[in-house]
Amino acid sequence: MSSTSTPARAETGFASAFAALCLGAVAMGISPIFVRFASAGMGGAPADVGPFASAFWRVSLCLPLLYAWMRIEERKAPMDAPRVPFSKAAILGGLVFTGDLLVWHLAILKTTVANATFFATMAPLVVVLVVWLVLRQKVSRGTFIGLGLCLLGGAALIGESLQADPARLEGDLYGLATAFFFGLYFIVASKARKTAGAARVTFETSLITAALLLIVALIFESRVLPQTWHGAASLFAMSYVSHAGGQGLLSIALGSLPPVFSSLVIFLEAMAAAVFGWIILGEPLTLIQSSGGALILLGIWVARPEA
């Protein structure tokens, strides 16, 4: 009886974790739209808030919700469930996530969304290299093949929209820096999940990130509070949808899925952004882009963890 139920439970656990990963990708994939609305103004209007301020509001507005989630999760968890407060991994997660949001918001504003997204898709490559070369952990051949397929798919999905403009070089470099920080976040958040639940990891990393971003925003931004209703609405939506929803679901997935496989969520984000552009903005999806999406899905299937 137990020999057949254990694989079934493992398969169910993978399915639920993978579903959380996919839903988190969709939630995070719409964040560039919110950043543009909040930080770049509408219709040529002045910026509502700066990039650092928008990053601060992204992680701070939903802190009450994340705290309530943590309390509920730990109240329902068994007494012996791990719940180490502010572990070293969680603190480091807050630091690298601060770096991730700082450079990501700058990339979105200083280059095209397509360029920023393309360079950010290098995050899984960072994860693989760190896990393989620095942490000396085994990386399967399927993972390398799956990552290669995803990289090709990401290039096909976004490549037609890329613009090689020297004036946007700074923003492109910020996009590459985003990949570095986001890749590190997958590794340290996965480690933090070994000693705490998804809600605690998400809340603690967000709290640390919010405190650091507030300092940065107060020093470098001339305007921290949103000035218009659409700016405030964009910040609330980004905080509750892209951060609480996206990062929370990612933390849930990292409790069951390895960081190398979970990092492929960045490609699902690119797919979600393209689909949102097609459905909401009427941006056409070409055959090459559709083929890129198919390659990404194939790569994720090839890279899936072995049972």
Please tell me the relative contact order of the chain in percent, rounded to the nearest whole number, where contacts are Cα pairs under 8 Å and at least six residues apart. 39
Global form of the range 68-123, assessed from the alpha-carbon gyration tensor, a/c cut-off 1.5: prolate
Please work out how much length the chain gains when fully extended from Glu221 to Arg75, using 0.36 nm per residue of separation minus the C-alpha to C-alpha distance, in nm with one decimal. 48.6 nm
Of Gln247, Thr195, Val260, farthest towards positive along the dipole that unit charges on Lys, Arg, Asp, Glu beta carbons give the chain: Thr195
Springs between alpha-carbon pairs under 10 angstrom, Gaussian network model over the chain: which of Pro64, Pro226, Pro166 fluctuates most? Pro166
Does a label point 7 Å from the Cα of Leu63, set along Cα-to-beta-carbon, have any residues of the range 220-247 with amide nitrogen under 15 Å, and which are they? 239-240, 244
Shape call for the chain from the C-alpha gyration tensor, a ≥ b ≥ c root eigenvalues: rounded (a/c under 1.5), prolate (a/b greater than b/c) or oblate? oblate
Quick one: grab the alpha carbon gyration tensor of the range 162-251, order the square roots of its eigenvalues as a ≥ b ≥ c, and give me rounded if a/c is under 1.5, else prolate or oblate depending on whether a/b is larger than b/c. oblate
Estimated dipole of the chain in Debye, rounded to 20 [Cβ of Lys and Arg +1, of Asp and Glu -1, Cα centre]: 860
Longest segment of the chain lacking trypsin sites (Lys or Arg not before Pro) that sit in a DSSP loop with at most 10 other Cβ atoms within 10 Å: 139-307
Hz values of 3J(HN,Hα) by residue in the range 29-34 - Karplus curve (6.51, -1.76, 1.60), Gly and Pro given as x: x, 8, 4, x, 5, 5
Note: Trp229 to Leu135 extended length (0.36 nm per residue) minus current alpha-carbon separation gives 29.1 nm
Helix-derived mean residue ellipticity, 222 nm - over the chain, DSSP H n ≥ 4, -39500 (n - 2.57), to 500: -23000 deg cm²/dmol
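We did not get these values from a lab; they are worked out from the coordinates using the rules stated. Just so you know, these numbers come straight off a predicted model, no measurement behind them. Here Cβ is always computed from backbone atoms with ideal geometry, including for glycine, and neighbour counts include all displayed protein chains.
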